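S.K.: Input: one structure, supplied below.
Values quoted throughout were computed directly from the atomic coordinates according to the rules given, and no laboratory measurement underlies them. Source: prediction; values computed, not measured. Quick reminder, even Gly has a Cβ in these numbers, built from the backbone with ideal geometry, and neighbours come from all protein chains shown.
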Amino acid sequence: MRFRPDDEQREFARSLDGMLAAAGTPAVVRAWSVGDHGPGRTLWTRLAEAGVFALAVPEAYDGLGPRPVELAVAFTESGRHAVPGPLVETVAVAALLDGLGDPTLAADRLPGIASGKTVASLCLTASGVPFALDADAADVVFVVTDDTVRVAESTGPVQPSADPARRLARPLGGTVVARGPAVRTAAARAADLAALTTAAQALGLGRALLDGAVTHVKRRTQFGRPIGSFQALKHRLADTLIALEFAEPLVHAAAVALATGRSDGARDIAAAKVAAGEAACRAARTALRCHGALGYTEELDLSLWIRKARALRTAWGTPADCRARVLME
């Protein structure tokens, strides 16, 4: 079975690629890293106008979804351009609120998410990570503990991260907005969507890293020859491409599984998360080695992508956790 985007989905990807390429995301990422959220919020609005966040929100609440396949397409492009901010967490919150079955709560929050006016973050304490991504930039932070959902009143100080553009903070206090058995089901649904969209981001990130490495080895010369002609680099680049090519259909298959509600969807999502995360890290190592000493400098835009690869590999499911989930299903 083949899992490929159709013509409309590919055109959607091309339009997002063009928009983000023109947005100058390296400058946006650097501003976000030091707590300047203005450029990032502007880019967030443009993504919302393109319908990205509406894809996670049901039509009853001014959305277009939920449409996991199109979300995977969109998040691949966001990863390709290293867009900062809690994009994954915002669509996961949309899935959480939709799954809780509380029309009042959904009507209060979901239209804002769909329009891009509400930036949300999410902390699932069951994941073992007590922090929320970009809580300092979010308009609302949801915290799920066992069968309870609360909205955080404040957050602790920003914690250092391997990727400066991924700013973590611990949610503090909060008001309970939902409680009961439906919370666990809704949280699992939110976690699945978060893992899928993170895998899609890793896939796009890996593609960008590989493209950057290929471009560099074509123009960088040594001993009078482009270094891309050296067999050792050819093999490394080929291995990276194979890993990404292997991960891509797994991400698409996981999106289809989530969209159709297949019983083995959780297994497919975990497999996609492992493959895409590992492929992105391989691409980061390849790009770093192809650039030599230049790859270690913060001035190089590619460093923004390299730093993000490791963070995406473990976000919303470490490789060990995902492999265990595949074996258990």
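S.K.: Scan 127, 115 and give me the residue that is surrounded by fewer than 21 Cβ atoms within 10 Å (Cβ to Cβ), within 29 Å of residue 279 (Cβ to Cβ) and hydroxyl-bearing (Ser, Thr, Tyr).
M.R.: The match here is 127.
S.K.: State all residues of segment 145-181 that are part of a strand (DSSP E or B) and over 24 Å from residue 84 (Cβ atoms); if no residue qualifies, say none.
M.R.: Within segment 145-181, 145, 148, 149, 150, 175, 176, 177, 178, 179 meet the criteria.
S.K.: Right, next: Which residues, taken from segment 167-192, are crowded, with 16+ Cβ neighbours inside 10 Å and at positive phi?
M.R.: Scanning segment 167-192 gives a single hit, 174.
S.K.: Among what's in segment 48-82 and is assigned to a loop (DSSP other than H, G, I, E, B) and farther than 21 Å from residue 252 by Cβ, pick the residue that is farthest from the chain's Cα centre (by Cα).
M.R.: Residue satisfying both the conditions and the ranking: 62.
S.K.: Regarding segment 30-45, can at least one residue be identified that is aliphatic (A, V, I, L, M) and out of contact with any helix residue (DSSP H, G or I) (no Cβ under 8 Å at 6 or more places or on another chain)?
M.R.: Yes, segment 30-45 contains a residue that is aliphatic (A, V, I, L, M) and out of contact with any helix residue (DSSP H, G or I) (no Cβ under 8 Å at 6 or more places or on another chain).
S.K.: Output the number of the condition that residue 85 fails; it satisfies all remaining conditions of (1) buried (at least 21 other Cβ atoms within 10 Å of the Cβ); (2) in a strand (DSSP E or B); (3) not aliphatic (A, V, I, L, M).
M.R.: Residue 85 satisfies every listed condition except (2).
S.K.: Looking at segment 227-329, what helices (runs of 4 or more DSSP H) fall wholly within it and have at least 1 residues that are out of contact with any strand residue (DSSP E or B) (no Cβ under 7 Å at 6 or more places or on another chain) and of a type in the set (S, T, N, Q)?
M.R.: 231-260, 265-291, 302-314
S.K.: All but one of (1) touching a Pro at 6+ places or on another chain (Cβ under 7 Å); (2) free of Cβ contacts under 8 Å to residues at least 40 places away in the same chain hold for residue 73, so report the exception by its number.
M.R.: Every listed condition holds for residue 73 apart from (2).
S.K.: Can I ask one more? Among what's in segment 52-76 and is of a type in the set (Gly, Ala, Ser) and touching a strand residue (DSSP E or B) at 6+ places or on another chain (Cβ under 9 Å), pick the residue that is surrounded by the most Cβ atoms within 10 Å (Cβ to Cβ).
M.R.: Residue satisfying both the conditions and the ranking: 56.
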